[in-house]
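The next block holds one structure in the form of structure tokens; read it before the comments.
The values are calculated or read from the model by the stated rules, or taken from the named source; none is laboratory data. Everything numeric here is computed off the predicted structure, so don't read it as measured data. Glycine also receives a Cβ, built like all others from the backbone with ideal geometry; neighbour counts cover every protein chain displayed.
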Amino acid sequence: MSFLTPPLAGESLLDAACGTARRLVFDDGNGPASAFGADLVFEMLHQGRRDPRRPRGTAAADLGALPFPAGHFGVVWCRLAAGHLPRLAPLYGELARVLRPGGRAIVTDFHPEAIRGGHRRVFRDAGGKSREVTHVVHEAAAHEREAAGAGLAFEARLEYGIGGEVRWFWERAGALDRFERERGSPLLLAFRFRKGTPP
């Protein structure tokens, strides 16, 4: 089992904060039985719907109020969105609610040390203007505490550093000198939780 992608065959998957739903395209034949996405930014969902390979099952929704029934999903992932939230409790409460017993939640966030070290969440809008997104620092212990409070059992945590697999990002920004200075420093946190007792 990959840390970030547990076995999906036969599962119902939710990508919470799916953006354009690009992570819900499975070309290897090992995809889930069903896949849904939710994101608060309607424009990103609209852009994703232009791609016929992406699932139609996407909804504009807040991470603290997901429009899905309780116990519906076997796997839920929420990638790089926790830092948009001022509090983690509503996120973990909803992830736990929509998971079936034995289901897994995968949550990633930017490492607190990366944000404290000056990393910013920046994107270019449709007009090409650079915009920065506010990022709330959540320590690893806060993720684990709020997940436990929601009924999700901790399984594993990984910390990813800046390495060759993300060099392209610095290269695209014309900042390879910064990449070399920061190589090996913390970049991402990843957590895997399980709801209740395995079936």
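Does region 119-128 contain at least one residue that is outside any loop (DSSP other than H, G, I, E, B), at pLDDT below 95, aromatic (Phe, Trp, Tyr) and in contact with a helix residue (DSSP H, G or I) (Cβ under 9 Å, 6 or more places away or on another chain)?
No, region 119-128 contains no residue that is outside any loop (DSSP other than H, G, I, E, B), at pLDDT below 95, aromatic (Phe, Trp, Tyr) and in contact with a helix residue (DSSP H, G or I) (Cβ under 9 Å, 6 or more places away or on another chain).
Only residues that are hydrophobic (A, V, I, L, M, F, W, C) and surrounded by 21 or more Cβ atoms within 10 Å (Cβ to Cβ) were counted in region 14-53, giving 10. For region 146-169, a tally of residues being aromatic (Phe, Trp, Tyr) and closer than 13 Å to ALA114 by Cβ returns 2. Within region 41-66, restricting attention to residues that are in contact with a strand residue (DSSP E or B) (Cβ under 6 Å, 6 or more places away or on another chain) and farther than 25 Å from ALA142 by Cα, which residue is modelled with the lowest pLDDT? For region 41-66, the residue satisfying everything is PRO55. Screening GLY71 against (1) at pLDDT 90 or above; (2) part of a strand (DSSP E or B) leaves a single unmet condition, (2). Checked against (1) in a helix (DSSP H, G or I); (2) more than 25 Å from PRO7 (Cα to Cα); (3) not β-branched (Val, Ile, Thr), TYR92 passes all but condition (2). When residues in region 95-118 are screened for being in contact with a Leu (Cβ under 7 Å, 6 or more places away or on another chain), part of a helix (DSSP H, G or I) and among the acidic types (Asp, Glu), 0 of them pass.
In region 157-171, which residues are over 16 Å from CYS78 (Cβ atoms) and either surrounded by fewer than 13 Cβ atoms within 10 Å (Cβ to Cβ) or among the charged types (D, E, K, R) (or both)? Residues satisfying the conditions are GLU159, GLY163, GLY164, GLU165, ARG167, TRP168, PHE169, GLU171.
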